[in-house]
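So the structure is just underneath, and the comments pick up after that.
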Amino acid sequence: MTGNKIDEPSKQAAGAAREMDAWPTELAAGPLAPAALTPAVADVVSHAATAPGYLAETAEDALRQSLRVIEAGGKPSPEKGDHRFSDPVWGAPPFNFFASNFLLVEEWLNKAILHTPGASEHHAKLAAFAARQWLDAFSPSNLPWTNPEVLHAALKEGGANFLHGYENWLEDVRGALDPKAAQSSDEYVVGRDVAVTPGKVVLRNELMELIQYAPRAPQTRPEPLLIVSAWIMKYYILDLSPHNSFIRFLVERGFTVFCISWRNPGPELAETSFDDYRRLGVMAALDAVSAITGAKKVHALGYCLGGTLLSIAAAAMARDGDRRLASLCFLAAQTDFTEPGELKIFIDETQLDELDGLMARQGYLDASQMAGAFSMLHARDLIWSRMVKSYLLGEKSTGNDLMAWNADATRMPFRMHSTYLRALFLHNDLAEGRFEAGGAKVDLGAIDAPVFAVGTENDHVAPWRSVYKIHRFVSRDISFLLASGGHNGGIVSEPGHRHRSYRLLHIGMGANAPPPADYLTKAEVHDGSWWPAYADWLDGLSGAFGPPPAMGAALADAPGTYVLER
């Protein structure tokens with residue numbers, strides 16, 4: 001099957017306009033760019049300078065903090081999640097005082113900036129973020145002569161750790177110079193080691209391939225399940241190795257599963273709109289699923305950005321009288337962006353103007369540029385701790401399928417991504433009823449299908465309290481599940497995975513959902529994977545088992561061709 005084309009009324013003219021408007025912003029986009037940081041710092045400094053009482057108060061607070069370190073005997077007291085000084089060797093002098101005093105300065109400066117009287121909240125957070133980035137670089141854990149773990153390794157190995165670190169550094173440099181070669185040498189190969197659940201590509205258009213998975217049970221439910229993956233990532237996070245493949249699990253539970261595999265866009269797709277993803281993605285796939293299976297009702301699941309897109313498509317379908325959706329599942333997907341978490345630090349008019357200039361020049365946002373933003377949010381773990389282990393301790397990191405998937409990143413087309421960041425993140429148009437799909441506004445409150453929403457406890461991309469806000473819009477039954485883990489690890493939570501748990505609360509039609517704090521006490525706690533709970537919920541909304549439907553006309557074997565694009 002083939003799909004419709006992307007609308008191209010003025011593609012050539014739009015491309016020319018982008019080139020005229022674009023300027024070299026490769027080094028000038030992001031929260032640490034001068035255009036974004038200068039007004040933030042100026043706001044904080046100017047207000048602090050006119051508040052002598054506050055400056056005196058912060059100086060007094062610094063003194064109290066210093067006395068607290070002395071009274072505690074120099075024992076480091078990092079915040080939750082900060083593992084830089086967790087090794088017991090940091091408890092011995094003088095290293096304990098190095099760590100304690102560094103943490104003291106970091107905590108004091110962050111508090112002083114954030115509470116500057118008169119400064120805007122966004123500017124204060126931006127300035128504090130920049131200060132944290134600068135301070136983290138000078139952490140005693142990052143310096144070989146102030147890190148006891150590195151010194152002990154050097155004594156034990158006769159300095160061989162530094163030689164191994166140099167070898168690791170050379171390997172990283174080679175990977176940076178030739179990323180494709182680095183990826184191709186990975187032990188996890190798509191179609192061989194990951195994304196191996198048997199299936200066929202049954203639809204291909206300019207934007208996506210639709211995969212239908214072969215049945216693995218003698219009988220299946222009559223309602224197929226369409227998975228809308230996020231195009232900020234490759235779909236096979238839901239089909240990793242056979243033992244932790246969510247797709248394989250669902251197929252084995254007796255569901256006919258289809259999944260969208262998005263194209264990795266280049267500059268030729270710069271003018272692809274958000275609504276193109278709805279039309280050529282969700283709606284084209286839904287039409288194909290209906291035609292292939294003959295089903296009148298279809299379950300749909302969306303992950304991350306794919307879930308946000310699915311919510312828009314579902315609202316548009318309800319508006320237009322399309323009642324094909326039997327149920328909706330949203331995995332770590334936001335519909336209300338008033339509290340989007342730490343990513344908000346990157347979202348303001350100035351930064352988005354800079355980012356638009358960068359994307360206009362390229363036609364897309366590159367994966368490495370997105371990765372840089374996420375890395376800055378958690379520089380301690382994703383940058384500095386990794387550098388210490390690899391370059392100073394000389395340790396060789398061992399990969400796994402999730403890490404290999406994470407390295408297999410994608411690009412985001414200019415027009416779509418600009419709309420996503422401005423209309424949804426910055427202006428919250430979807431939640432406030434201003435977002436348009438198919439030329440008309442959509443109302444999330446019109447969605448007329450039961451909802452199963454999943455948030456994860458440690459999600460910094462889509463915080464669970466933000467995901468939970470879906471209950472404000474949907475009047476049908478909602479089951480909200482809070483899984484242990486983060487944005488990716490909490491979703492890839494196969495049965496048998498150790499240390500997994502979840503909370504689950506069913507909210508009936510018309511019932512008032514409890515606030516987040518009350519949810520934590522009212523939701524029932526379960527040990528283990530959340531996957532069976534979702535499958536059980538689907539079973540309750542599905543018809544009796546019967547013979548599986550025929551496979552659609554095959555264009556290629558799964559995982560298809562788009563997932564292989566670099």
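Contact order, relative form, for the range 181-266: 36 percent (alpha carbon pairs under 8 Å, 6 or more residues apart, mean separation divided by residue count). Stretching the chain fully between LEU163 and ALA407 yields a gain of 85.3 nm (0.36 nm per residue, less the alpha carbon separation). In this structure, ALA56 and ALA550 have a Cβ-Cβ separation that, at R0 = 56 Å, corresponds to a calculated FRET efficiency of about 0.10. Using every pair of distinct Cα positions in the range 292-404, the Kirkwood expression returns a hydrodynamic radius of 18.1 angstrom. Helix 121-137 and the longest principal axis of the Cα set of the chain meet at an angle near 70°. A straight Cα-to-Cα reach below 13 Å connects LYS469 with the aspartates and glutamates ASP336, GLU339, GLU432, residues fewer than 8 places away in its own chain not being considered. Taken along the Cα-to-beta-carbon direction at a fixed 7 Å, the label points for GLU171 and HIS115 span 4.6 nm. Note on GLU187/LEU143: beta-carbon distance plugged into 1/(1 + (r/R0)^6) with R0 of 25 Å gives a FRET efficiency of 0.15.
For the chain, what's the relative contact order in percent, using C-alpha pairs closer than 8 Å and at least 6 residues apart? Dividing the mean separation by the residue count of the chain yields 19 percent. Take 344-351, 432-439 and order them by the average number of nearby Cβ atoms within 10 Å per residue, most first; the result is 344-351, 432-439. Ordering THR308, THR398 by accessible surface, largest first, gives THR398, THR308; the 1.4 Å probe counts only protein heavy atoms, with every chain in place. In the full protein context, the range 85-151 carries 46 Å² of accessible surface per residue, based on a 1.4 Å probe and ignoring ligands, DNA and RNA. Going 7 Å from the Cα of ALA446 toward and past its Cβ, which residues in the range 460-501 have a backbone nitrogen under 17 Å from where you end up? What the label zone holds, given the 17 Å backbone N cut-off, is 473-476. In degrees, nearest 10, range 0 to 90: what is the angle between the Cα axis of helix 160-177 and the longest Cα principal axis of the chain? Result, in degrees: 50. Available extension along the chain between SER501 and LYS296 is 70.3 nm, counting 0.36 nm per residue and deducting the alpha carbon span. When the surface is traced with a 1.4 Å probe over the full set of protein chains, SER86 keeps roughly 80 Å² accessible. Surface composition of the range 366-465: carbon and sulfur make up 53 percent of the accessible area, probe 1.4 Å. Roughly speaking, what is the centre-to-centre gap between the range 270-337 and the range 113-140 when only Cα atoms are used, to the nearest Å? First find each Cα centre; the distance between them is then 40 Å.
Estimated from helical segments only, the mean residue ellipticity of the chain at 222 nm is -11500 deg cm²/dmol, where each DSSP H run of four or more residues counts as -39500 (n - 2.57). Taking label positions 7 Å along the Cα-Cβ direction at both HIS526 and ARG465, the computed distance is 2.6 nm, reported to one decimal.
Normalised by 2.2 N^0.38 Å, where N counts its residues, the alpha-carbon radius of gyration of the range 290-349 equals 1.41. Legend: calculated FRET efficiency, ARG434 to LYS396, from the Cβ-Cβ distance at R0 = 56 Å, rounded to 0.05, equals 0.65.
The fraction of accessible area contributed by carbon and sulfur in the range 130-220 is 61 percent, rounded to a whole number (1.4 Å probe; ligands and nucleic acids excluded).
For the chain, the longest principal axis of the Cα atoms and the long axis of helix 52-71 meet at an angle of about 80 degrees. For TRP537, the solvent-accessible surface with a 1.4 Å probe is about 40 Å², rounded to the nearest 10.
The values are calculated or read from the model by the stated rules, or taken from the named source; none is laboratory data. Quantities reported herein were computed from a predicted structural model and do not represent experimental measurements. Cβ sites come from the backbone with ideal geometry, for glycine too, and all protein chains shown count toward neighbours. Each accessible area value is taken on the protein alone, full model and side chains, heavy atoms only, with ligands, DNA and RNA left out. Shrake-Rupley method; radii C 1.70, N 1.55, O 1.52, S 1.80 Å.
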